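Laboratory data are not the source of any read-out in this text; all were calculated from the coordinates shown. Quick caveat, the model's predicted, so the values are computed rather than measured. Cβ placement follows ideal geometry from the backbone for every residue including glycine, while neighbour counts extend to all protein chains displayed.
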Amino acid sequence: MSIEVGNVVEGVVTGITDFGAFVELPEGRNGLIHISEVADVYVKDVHDFLSERDKVKVKVVSVDERGKIGLSLKQLQENKQEAQATAESSSFRAPRPAAARAPRDFHRGGGRFGGGRGTSPSFEDKLSKFLKDSDERLTDLRRKTDSKRGGRGSRRSD
């Protein structure tokens, strides 16, 4: 099997560095999985995802004129997820009723933030509560400092 861009090949991890993992491919060639192509989440350390002598299936992302081969685990995972989503959507499913798809109304019912039972408060509700609490705290603080000064806005003259 030739190593061309877009092909999926199997190899063995031969080394791990700070910037990625080296993989030995068929025909005795080597490629690099860059740290940004290891997973679709932030990768701080490649050792968290791969170890030496792991057998991996990778997608060939690039082959430059010097023969350097760029590989990706992430793109192969994305392709699998897309294929699964396509397979799931192609199988027959009864459509959900419109009421089940409608966005939740957080302004119904009682509760601490005005949301109904079992619903989380909306951003607007949280912001409103924060502003109210903040105003109350500032008012209390002003009252305490004004009483220490001897009245609202007055200064003592000695």
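Scanning the range 40-64 for residues that are surrounded by fewer than 16 Cβ atoms within 10 Å (Cβ to Cβ), of a type outside the set (Lys, Arg), assigned to a loop (DSSP other than H, G, I, E, B) and touching a residue at least 24 places away in the same chain (Cβ under 8 Å) yields a total of 4.
Note on the range 20-52: residues that are closer than 19 Å to residue 63 by Cβ and out of contact with any Phe, Trp or Tyr (no Cβ under 7 Å at 6 or more places or on another chain) amount to 14. What's the total number of residues in the range 29-79 that are in contact with a helix residue (DSSP H, G or I) (Cβ under 9 Å, 6 or more places away or on another chain) and small (Gly, Ala, Ser)? The total comes to 4.
In the range 8-39, what residues are surrounded by fewer than 12 Cβ atoms within 10 Å (Cβ to Cβ) and part of a loop (DSSP other than H, G, I, E, B)? Listed by number, the residues that qualify are 18, 19. Within the bounds of the range 72-81, is there any residue that is crowded, with 17+ Cβ neighbours inside 10 Å and part of a strand (DSSP E or B)? Yes, some residue in the range 72-81 is crowded, with 17+ Cβ neighbours inside 10 Å and part of a strand (DSSP E or B). Pairing residues of the range 8-23 that are free of Cβ contacts under 8 Å to residues at least 12 places away in the same chain with residues that are part of a strand (DSSP E or B), at Cβ distances under 7 Å and at least 6 apart in sequence or on separate chains, gives 22/14; 22/15; 22/30; 22/32.
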